[in-house]
Amino acid sequence: IDPATIKLYSAYSAKGAGDVTMAKKYLQELIDEAYGDPRIYGDMADILLTEKDTTGALDILAQGREMYERDANLMRTELDIMMKLGRSEELTEKLDKAVEAEPNSAVLHFARAINYYNLDNDKEAEKGYLRVVEIDPTYADAFFNLGVIYLDRCKPIAKKIEKVSYEASLPMEEEIDALYAKAVAQFAKAMEVGEYSDAQKLDLAKNMKKLYGRLRQNDPTGEYKKKYDQMKTFIAELGGDD
């Protein structure tokens, strides 16, 4: 344990105890020392937001994004703040111009896709994430977010199923299965290329197992049963409950 790590734990301890002044002090020292963890910028921004210092929060996030331009959490926090400020049009215009200037920047396409998703425009968000993985096939967060989009599209279909007969629901059940298959394929790709912790892998694997469990029910090829069993084994290897 080095001095910087002690400061980090001290910051979390102070924040948990409600001592915002000390938490900010330790976090600022870590930021000044360029401590190698993007979370310190998000934590500082959270504190500044509770103090209603939105400008300060955006400034800190901008600093963090300069060092960790691909960090999805910092990017989402920055976008969320701008959305809450009602600056969605400004943000869209800003991102459009940035993408136009750097059309092969996976990071900018990713940021714009998040913005479209926040604006409930999942079609443009989908296009954006597909462009991201075309540019950078190792961009795990883009694969993951594509999976989320496909699962989101199941929700209105499920509501319709509740109101119709069994026979009328069958085509809609097939539609959901198709979306589940698309979603789990994206999650599998995210798992393959992402640098996730074991805890993150376990969480993702559990969700993938659920999807494979649904898909294996109407799969004459047995492909999804095999993947379901593989995911059960993988979860056990990670120490998770079956």
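Data overview
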{"item": "Count - residues of the stretch 180-194 that are in contact (Cβ under 8 Å) with a residue 40 or more places away in the chain, more than 13 Å from Lys227 (Cβ to Cβ) and in a helix (DSSP H, G or I)", "result": "4"}
{"item": "In the stretch 209-237, the residues that are aliphatic (A, V, I, L, M) and open to solvent by less than 60 Å² (accessible area, probe 1.4 Å)", "result": "Leu211, Leu215, Met231, Ile235"}
{"item": "Among (1) open to solvent by 60 Å² or more (accessible area, probe 1.4 Å); (2) part of a helix (DSSP H, G or I) - the single one Asp120 does not satisfy", "result": "(2)"}
{"item": "Test for Asp141: is it charged (D, E, K, R), surrounded by 15 or more Cβ atoms within 10 Å (Cβ to Cβ), within 29 Å of Ala45 (Cα to Cα) and touching a residue at least 24 places away in the same chain (Cβ under 8 Å)", "result": "yes"}
{"item": "Check on Leu204, over 19 Å from Tyr139 (Cα atoms), in contact with a helix residue (DSSP H, G or I) (Cβ under 7 Å, 6 or more places away or on another chain) and surrounded by 15 or more Cβ atoms within 10 Å (Cβ to Cβ)", "result": "no"}
{"item": "Index of the failed condition, Ser105 passing every other in (1) over 19 Å from the mean Cα position of the chain (by Cα); (2) of a type in the set (S, T, N, Q); (3) within 21 Å of Gly194 (Cβ to Cβ)", "result": "(1)"}
{"item": "Enumeration of residues in the stretch 162-189 that are among the aliphatic types (A, V, I, L, M) and either farther than 23 Å from Asn207 by Cβ or loosely packed, with under 12 Cβ neighbours inside 10 Å (or both)", "result": "Val164, Ala168, Leu170"}
{"item": "Set Lys127, Lys159: member being open to solvent by 60 Å² or more (accessible area, probe 1.4 Å), in a helix (DSSP H, G or I) and touching a helix residue (DSSP H, G or I) at 6+ places or on another chain (Cβ under 9 Å)", "result": "Lys127"}
{"item": "Cross-chain or 6+ apart pairs with Cβ under 7 Å, the stretch 99-112 first and in a helix (DSSP H, G or I), then of a type in the set (Phe, Trp, Tyr)", "result": "Ala106/Tyr139; Phe110/Tyr139"}
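The values are calculated or read from the model by the stated rules, or taken from the named source; none is laboratory data. Since we're looking at a predicted model, the values are computed, not measured. Note that we place each Cβ from the backbone using ideal geometry, even for glycine, and neighbour counts take in every protein chain shown. Calculation scope for accessible area: heavy atoms of the full protein, side chains included, ligands and nucleic acids excluded. Shrake-Rupley method; radii C 1.70, N 1.55, O 1.52, S 1.80 Å.
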